[in-house]
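Worksheet: the structure to be examined is printed underneath.
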Amino acid sequence: MPEYKKILVVRLSSLGDIILSFPLLKILRKKYPQAGLHFLTRKKFSEVITLNPNVDKIIETDSDLSITKNKIHDEKYDLILDIHKNFKSIYLTRGSGAEVRRIVKNNFMKMILVKFKINLFKEIIPVYKKYLHTLSKNLTEDELKFTTGDLKISVEKKFDFPYAVISPSARHFTKTYPAAKFIEFIRFRENETFILTGSKDDIDMEICSKINSECSNTKNLCGELSISELASVIRGSEYVICNDSAALHLSEALNKKTYAIFGSTVKEFGFFPQIETSEVLEVNGLNCRPCSHIGLPKCPENHFKCMMDIDLKKFNIK
């Protein structure tokens, strides 16, 4: 590989996608220990990058993209890895003078799978591995393995009792396990304590509030935690239950046993868990699944079987 003195990784959003870049950052630091390693993202997501000890500098996008573009030009990077590859990331990195490599996406195959239920995926490549491929297709088998991060948690949040974490929300309805079914499970596990987590988003707050109001063995921390505090709470837990969401990827980055509930999305999209102790809870064999590669505001079939047919009480969760 050529020697690079200054490298920029570009991922503008979202939280889970950024966390999945951590194996790439780890490899970059290993291969180029003396290089300056920078990360470009939106301001609302920059906090999660502070957890990663391999990044030397975070660049936040400005509302005026031309200002951000000039910042990139001024830094004089040798290598830019665009692991977002949308109109903004291409605009920001074009003409920088750096060698630019962009992620290869499979949007056409995703569309065919969603619209026609025809699976053209000959190989399922996890998203984190697609990021690694931007660096080189010639990485060794060991270098291509998923790695958990040595995360830098600056603010600790600890409890003196055993607990599990439930992160019950997701960005879209069809990726969200129903609150009523979480309540049923939590009540069934009456001798355990569950900490509820989520963002300050109205949907997250509403779901966690509903669960907390109907269960006696929960502690609702939704909207109260910084990223560092959330990482600390997850690290101290016995296990994590979540949807296909950022909580899954943060939990795995911390090498925590994770139970991930998948509804409208499937393994082919690249976001399934990667560590051996994690488990996927899903309904196989539904001819309507997947109905979207990112999630929808309602079930197109009006039965929501992909979630409603999952009963957490029947799984050996521990």
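At a glance:
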{"item": "Helix-derived mean residue ellipticity, 222 nm - over the chain, DSSP H n ≥ 4, -39500 (n - 2.57), to 500", "result": "-8500 deg cm²/dmol"}
{"item": "28 Å Cα-Cα threshold exceeded, pairs from LYS44/LYS256; LYS85/LYS305; LYS57/LYS130; LYS5/LYS129; LYS5/LYS85; LYS26/LYS117", "result": "LYS85/LYS305; LYS26/LYS117"}
{"item": "By average C-beta atoms within 10 angstrom, highest first, the peptides 88-95, 232-239", "result": "232-239, 88-95"}
{"item": "Cα-based equivalent ellipsoid of the chain: semi-axis lengths in Å, sorted from largest, via gyration tensor", "result": "34, 23, 18"}
{"item": "Potential lengthening between ARG102 and LYS145 on full extension [0.36 nm per residue; Cα-Cα distance subtracted]", "result": "13.5 nm"}
{"item": "Cα-only Debye scattering, region 97-143: base-10 log of I(q)/I(0) at q = 0.14, 0.26, 0.32 Å⁻¹", "result": "-0.47, -0.99, -1.19"}
{"item": "Cα point-scatterer Debye curve for region 204-309, base-10 log of I(q)/I(0) at q = 0.11, 0.23 Å⁻¹", "result": "-0.40, -1.31"}
{"item": "Helix axis angle, 179-188 relative to the chain longest principal axis, alpha carbon, degrees", "result": "60 degrees"}
{"item": "FRET efficiency for GLU238 and LEU120, using Cβ-Cβ distance with R0 set to 45 Å, rounded to 0.05", "result": "0.65"}
{"item": "Cα gyration tensor shape for region 42-185, rounded if a/c is under 1.5, else prolate or oblate", "result": "oblate"}
{"item": "Alpha-carbon centroids, region 1-79 and region 295-318: separation in whole Å", "result": "37 Å"}
{"item": "Extension gain, ILE294 back to LEU65 (0.36 nm per residue minus Cα-Cα distance, nm)", "result": "79.9 nm"}
{"item": "Karplus (6.51, -1.76, 1.60) ³J(HN,Hα), θ = phi - 60°, over region 136-150, in Hz, Gly and Pro reported as x", "result": "5, 7, 9, 5, 6, 4, 5, 5, 8, 6, 5, 10, 7, x, 8"}
{"item": "Gain upon complete extension [ILE203, ASN316; 0.36 nm per residue less C-alpha separation]", "result": "37.8 nm"}
{"item": "Dipole in debye (nearest 20) - region 30-159, about Cα centre, beta carbon charges: Lys, Arg +1; Asp, Glu -1", "result": "660 debye"}
{"item": "Over the chain, relative contact order from alpha-carbon pairs under 8 Å, at least 6 apart, %", "result": "17 percent"}
{"item": "Rounded, prolate or oblate (a/c below 1.5 giving rounded, otherwise prolate when a/b exceeds b/c) for region 20-73 by Cα gyration tensor", "result": "oblate"}
{"item": "Taking region 50-196 and dividing mean pair separation by its residue count, relative contact order in percent (alpha carbons under 8 Å, at least six apart)", "result": "20 percent"}
{"item": "Accessible area in square angstrom per residue, region 29-169, 1.4 angstrom probe", "result": "55 Å²"}
{"item": "Of all accessible heavy-atom area on the chain, the percent that carbon and sulfur account for (1.4 Å)", "result": "49 percent"}
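The values are calculated or read from the model by the stated rules, or taken from the named source; none is laboratory data. For clarity, every value in this text was computed on a predicted model and none was experimentally measured. Note that each Cβ is placed from the backbone with ideal geometry, even for glycine, and that neighbours are counted across all protein chains shown. Heads up: the accessible areas ignore ligands, DNA and RNA and are worked out on the full protein's heavy atoms, side chains in. Shrake-Rupley method; radii C 1.70, N 1.55, O 1.52, S 1.80 Å.
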